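Peer 1: Okay, here's the structure, questions in a sec.
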Amino acid sequence: MTERTSRASGDEADCGSGPVAEPGAPVILSNEPGSFAWGVLAKRHPALIQQVRDASPYSHRQHEALNALLDEITNGVVEPLAPTDHDHGPWSDWGREHFGRPWFDTPFLWAESYFYRRLLGAIGYFGTGPWQGVDPFAPFKQAELRGAAVDEELRALDALADAPADERATALLHASLWGNRADLGFRVTAGEPALGDADPGLVADDSAVLWQLLPTGAPSTVAVVADNAGRELIPDLVLIDHLLEDRRAEQVVLHVKPYPYYVSDATTTDVVDCLRRLAQAPGEAGGIGGRLWKAMASGHLEVRTHPFFCAPLPYEEMPEDLRQEFAAVTLTILKGDLNYRRLVGDRMWDATTPFADLTAYFPGAAVSLRTLKSDVIVGMDRKTLSALEQSGHAWRTSGTHALVQARR
């Protein structure tokens with residue numbers, strides 16, 4: 001893959017805020033056929049509508065609404081929410097420049113976010129009927145959580161129980177980093193080397209900074225902004241347990257989505273499901289689940305949410321109350337690809353642009369743990385970038401590479 005840019009007009013490059021666009025860093029659109037963003041809107045979203053349709057026994061009216069949404073995203077223009085919708089006001093502001101235009105000509109981040117809002121509206125999630133609050137993605141999340149792969153990963157925790165502290169910390173950090181490839185992070189048995197700095201999948205690794213920011217015994221408070229549920233959230237919770245048990249954090253605040261989003265993004269319900277899965281498991285996993293259950297009761301682990309986590313905006317536009325929350329903690333750990341895009345701005349930056357420069361606005365120290373699943377990337381050294389660009393692999397979007405990037 002070469003350093004390409006998506007087509008964007010000057011007005012589009014300025015829409016929404018975030019880091020001020022530099023020459024060669026336009027907002028990513030979805031109107032370049034064959035691009036990753038185009039594929040999400042042209043292929044992934046229609047396929048997801050069908051998967052959601054098949055996963056639950058929806059009514060004729062819900063099927064008609066899904067049909068209308070499918071026709072709109074493939075053949076029509078972006079339509080606003082109904083005036084009676086509870087969030088009509090904010091979405092009217094966020095979409096003012098985009099309503100009436102083809103979906104593919106809107107900023108990729110905005111289009112994805114609005115698609116999920118519209119999908120929930122089509123199945124009646126926000127209504128007053130019997131489907132109010134029913135997660136359309138729950139069948140996918142529950143199937144993954146009950147799967148044999150989770151059993152295997154939880155059993156692997158037994159081998160880490162007696163491993164040296166540094167080795168265990170590295171393994172658990174990598175498990176959280178890789179998300180749904182968590183099994184890579186759990187391939188550790190006592191006495192064997194952990195996945196660490198030599199992991200060839202890491203394109204940037206500031207993990208040492210993370211541990212420096214959280215010294216053992218300090219009265220630290222850590223915010224973790226979750227990404228996916230299921231096989232990603234479980235290793236996040238295991239890492240949180242390690243931070244508390246190793247006295248690297250006195251309190252952890254876990255931020256989740258206020259409603260289902262991006263198929264697998266974690267909500268409070270997903271946290272509860274994962275805690276139950278851990279607590280009911282045998283061995284070390286059960287012990288971790290029990291400790292986290294007690295940590296919730298004692299206040300050492302707290303779950304919070306905020307409407308902004310489902311807004312189509314970069315973190316630079318976070319509201320003041322959320323800004324104050326992040327400013328009050330020792331460190332904020334932001335998980336996953338979407339949080340990264342919102343953190344640095346969903347633009348085709350020069351990949352060597354310093355991560356710290358683009359996140360200087362953030363109210364406190366921050367670390368991104370991200371498996372690469374979209375085009376945006378910054379903070380790379382020129383040698384690593386050149387080697388990856390010459391490899392011929394879709395390393396930016398395939399989930400085969402990851403990063404740990406920190407800003408003190």
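The values are calculated or read from the model by the stated rules, or taken from the named source; none is laboratory data. Being a predicted model, the structure only gives us computed values, none of them experimental. For neighbour counting, all protein chains shown are included, and Cβ atoms are generated from backbone atoms with ideal geometry for every residue, glycine included.
Peer 1: Among (1) small (Gly, Ala, Ser); (2) outside any helix (DSSP H, G or I); (3) buried (at least 21 other Cβ atoms within 10 Å of the Cβ), which single condition is Ser374 missing?
Peer 2: (3)
Peer 1: Still on this structure: Quick check, is Leu403 modelled with pLDDT of 95 or more, closer than 24 Å to Ser35 by Cβ and not in a strand (DSSP E or B)?
Peer 2: The answer is no for Leu403.
Peer 1: Of the residues Ala279, Ala285, only one is in contact with a helix residue (DSSP H, G or I) (Cβ under 8 Å, 6 or more places away or on another chain), at pLDDT 95 or above and surrounded by fewer than 18 Cβ atoms within 10 Å (Cβ to Cβ); which?
Peer 2: When all the criteria are applied, what remains is Ala279.
Peer 1: Scan the range 152-174 residue by residue and report those that are in contact (Cβ under 8 Å) with a residue 60 or more places away in the chain and within 22 Å of Gly230 (Cβ to Cβ).
Peer 2: Hits for the range 152-174 are Glu153, Leu154, Arg155, Leu157, Asp158, Leu160, Leu172, Leu173.
Peer 1: Taking into account only those residues within the range 106-138 that are in a loop (DSSP other than H, G, I, E, B) and in contact with a helix residue (DSSP H, G or I) (Cβ under 6 Å, 6 or more places away or on another chain), which is surrounded by the most Cβ atoms within 10 Å (Cβ to Cβ)?
Peer 2: That would be Pro136.
Peer 1: Looking at the range 265-283 only, could you name the residues that are free of Cβ contacts under 8 Å to residues at least 60 places away in the same chain, in a helix (DSSP H, G or I) and more than 9 Å from Leu233 (Cβ to Cβ)?
Peer 2: Thr268, Val272, Leu275, Arg276, Ala279 - these are the residues of the range 265-283 that are free of Cβ contacts under 8 Å to residues at least 60 places away in the same chain, in a helix (DSSP H, G or I) and more than 9 Å from Leu233 (Cβ to Cβ).
Peer 1: Out of the range 42-82, which residues are buried (at least 17 other Cβ atoms within 10 Å of the Cβ), assigned to a helix (DSSP H, G or I), touching a residue at least 40 places away in the same chain (Cβ under 8 Å) and touching a helix residue (DSSP H, G or I) at 6+ places or on another chain (Cβ under 6 Å)?
Peer 2: Scanning the range 42-82 gives His45, Ile49, Ala65, Leu66, Leu69, Ile73.
Peer 1: On to the next question. In the range 214-264, what count of residues is obtained for those that are in a strand (DSSP E or B) and not small (Gly, Ala, Ser)?
Peer 2: Number of matching residues: 11.
Peer 1: Continuing with this model, one more query. With the structure loaded, tell me whether Gly379 is on the phi > 0 side of the Ramachandran plot, buried (at least 20 other Cβ atoms within 10 Å of the Cβ) and more than 18 Å from the chain's Cα centre (by Cα) or whether it fails that test.
Peer 2: Yes, satisfied.
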